[in-house]
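Visitor: After the C-alpha cells below, expect a handful of questions from me.
Coordinate-derived values only; no laboratory data. Computed from a prediction, not measured in an experiment: that's the story for all the values here. Neighbour counts run over all protein chains shown; Cβ positions are idealised from the backbone, glycine included.
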Amino acid sequence: MRVYVPLTLPALAAAHRAGELGPGPLDAYAVTPGLRQWYASDDVEELEYAALNRAAQASLRLLAADPGAARRRVVVAVDVPDRAAVADPDRGQDPSALGEVRLDHAVPMAKAAAVHVDSDDAEDDIAAAAAALDAADKGDEDARYTVDGAEDHDLMWFGVQEIPQLVE
C-alpha cells in the first residue's frame with residue numbers, strides 16, 4: 001500500500017540522517033474506504049492524488065507548529081504492507097480524518113518511493129497559510145481563503161536520491 005507521510009524539511013533531513021521515518025506511531029494518508037467513498041471515484045491515480053493532498057494539508061499543520069522550518073510542505077510517499085497502515089474505523093467518515101492512517105512502527109527510508117515538496121516560489125503563500133491556520137480553524141473566512149490558497153500550489157516530485165539536495 002502506498003501511504004503519504006507529512007513532514008517538514010527539517011523532519012525530512014532527520015529521517016534521511018536516521019535512515020527511517022519514525023519512530024512510530026506515524027500519521028500518514030492513504031486511499032482508505034472513507035476517502036474512496038468521499039471522493040466518489042474509481043480512478044486509482046485520482047484517489048492517490050487526493051491522499052497526497054490530505055498529507056500536504058497535514059504538512060501545513062506541521063509547519064504552523066514549527067515556525068523555524070522552511071515554509072515548504074513535504075510529503076514522503078512510502079510503500080508499506082497493507083496491514084501496516086491502520087485506519088480508525090470510528091473516524092472513517094469524519095471529514096477531518098479522510099484518508100488518515102496510522103503506522104505503528106518506523107519505516108525505513110529504503111521503502112520511500114518519492115518525495116513531494118513545494119517549489120521555492122510557493123513559500124510566501126505557504127507561510128501565509130500556516131500563519132492563518134489557527135484563525136481558519138476558528139471560522140475566520142478570510143483566513144480560510146488564505147489557507148485554501150496553499151492548495152493552488154502543486155507539490156513537485158523528487159526521487160529519493162535527490163533528498164540530500166533538498167535538505168542542504
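Visitor: How much length is gained if the chain between A127 and M1 is pulled fully straight, taking 0.36 nm per residue apart and subtracting their Cα-Cα distance, in nm to one decimal?
Guide: Stretched fully, the A127-M1 segment lengthens by 42.2 nm.
Visitor: Now a separate question. Check R72: other-chain or 5+ apart residues with amide H under 5 Å from its amide H, H built from backbone geometry?
Guide: Amide H to amide H, under 5 Å and 5 or more residues apart or across chains, R72 pairs with L9.
Visitor: Another question, then. Taking the structure as given and computing Rg/Rh (Cα atoms, Kirkwood Rh), which label from (i) 0.98; (ii) 0.95; (iii) 1.09 fits?
Guide: (ii)
Visitor: Hey, what did the range 2-160 get for relative contact order, percent, Cα under 8 Å, at least 6 apart?
Guide: RCO, the range 2-160: 29 percent.
Visitor: Below 8 Å between Cα atoms, with a sequence gap of 6+, how large is the relative contact order for the range 122-168 in percent?
Guide: 34 percent
Visitor: Can you compute the modelled spin-label distance between S41 and A14, with each label point 7 Å from Cα toward Cβ, in nm?
Guide: Result: 3.3 nm between the two label points.
Visitor: As a test of the formula, what do you get for the chain when each DSSP H run with n ≥ 4 contributes -39,500 (n - 2.57) and the sum is divided by the residue count, at 222 nm and rounded to the nearest 500 deg cm²/dmol?
Guide: -12000 deg cm²/dmol
Visitor: Taking the Cα centre of the range 2-160 as the origin, how large is its charge dipole in debye, to the nearest 20, when only Lys and Arg (+1) and Asp and Glu (-1) carry charge on their Cβ atoms?
Guide: It works out to roughly 740 debye.
Visitor: Right, here's the next one. When you count, for each residue, the other Cβ atoms within 10 Å and take the mean per peptide, how do 21-30, 54-63, 113-122, 38-47 rank with the highest first?
Guide: Top to bottom by mean Cβ count within 10 Å: 54-63, 21-30, 113-122, 38-47.
Visitor: Run the numbers for A106 and D120: contour at 0.36 nm per residue of separation, minus the present Cα-Cα distance, in nm.
Guide: Result for the pair: 2.1 nm of gain on full extension.
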